[in-house]
């Protein structure tokens, strides 16, 4: 009897594995990913079936349908209430393809403030929130119920009590540890707060398609974007990853309207309504800024293409900081070609892991990069989480995008592409300091590693479609 039951269960698992493999072949975005999932599901359904339920789905419909069918409508509704500012008529020809791909544009006259660590970032954010008179929009991938999280909670409640409308979005998976009481406290105080999901009905089996964006907009005039979330670790208070290295950006000017539009699109999906949309202030700065909002609902793989275009634009220098260096073939090929053009290509990555599998895959890609003539550095003091890119002497990007498949194809991301020599000089100064606190990776790191560690690197790279 027991043998019959076991045999029946094995048969059911194999049938389920074959059906899931058919689904993977039809729906997985890349041939490599489809082959890997299909092979595992057919041969080892006992191991791969459950992970596929969580990670294998690469397409979804509800958000895509809204995003594609109503995107123009959403932009029109938002534009009725937003002053678009003065769009630059002198777009740099290097980045015209990015603007066309994203349906975005450069705004001139932005005033930018580089925020080089967690303390500076949240002091600026809290100071801005404290001045809010009409509306505060807040979106983070992670909210923690710790010291910083409680300070954010109180800051938002204080503004609601002052008659300010406050709207908050957080990612349900990224903020999985957030207690229900935290959200209830905000709701009871009158804060509009919602968890982002790509399906109307909750799907606990869906770990892909996370909203990784970090946006704060105050009264439509001051916007913040970058790599930090709401948690004590981002202030460097959580060993062993401390001191935490991260970067954020404050924007004043017409480009803030596009931060509002990105928030409004996500808010409309969750609530069916638009948040308050306020006219941005006039441009009194010198920077040209394009807000790049990318995600898996786009018809193109816009995040990967965003990086490819920026890399191809580099003629003298290309410096990149990223916590996860797991580039796809297009990005890696673009980096190699930049080296052949004589570009100074440097990549700054962590020397300590926060996710061990990703760290191992990053180490192997770092070795491949060094062999291709790309200079790779590991940051010594703590964990580097900043997502910054510097091109030549006038272009700098600050945002939420990592160099990995999740950002390229599975996450909703956002970044500010800024063309301004003075701001680029500030970013250069910041990155020079980062490189001074780093050591350069050589081929010896891989060649002198034990066989077991090198094997682990290669095994980890097999999982790069879901890292």
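Here are a few things to note about the model shown:
- Condition check for residue 153: assigned by TED's automatic domain parsing to the domain that holds residue 278 and either crowded, with 22+ Cβ neighbours inside 10 Å or closer than 15 Å to residue 228 by Cβ (or both): no
- Residue list for region 326-336, restricted to those being assigned to a helix (DSSP H, G or I) and under 15 Å from residue 371 (Cβ atoms): 332, 333, 335, 336
- The single residue among 105, 94 that is assigned by TED's automatic domain parsing to the domain that holds residue 235, over 19 Å from residue 231 (Cβ atoms), assigned to a loop (DSSP other than H, G, I, E, B) and at pLDDT below 95 turns out to be 105.
- Extreme residue, surrounded by the fewest Cβ atoms within 10 Å (Cβ to Cβ), among residues of region 426-467 that are at pLDDT 95 or above and part of a loop (DSSP other than H, G, I, E, B): 450
- Set 10, 64, 42: member being part of a helix (DSSP H, G or I) and modelled with pLDDT of 70 or more: 42
- Qualifying residue in region 238-250 (condition: under 19 Å from residue 135 (Cα atoms) and buried (at least 19 other Cβ atoms within 10 Å of the Cβ)): yes
The values are calculated or read from the model by the stated rules, or taken from the named source; none is laboratory data. Note that the structure is predicted; figures quoted are calculated from it, not measured. Don't worry about glycine lacking a Cβ; one is built from the backbone with ideal geometry, like all the others, and counts go over all protein chains shown.
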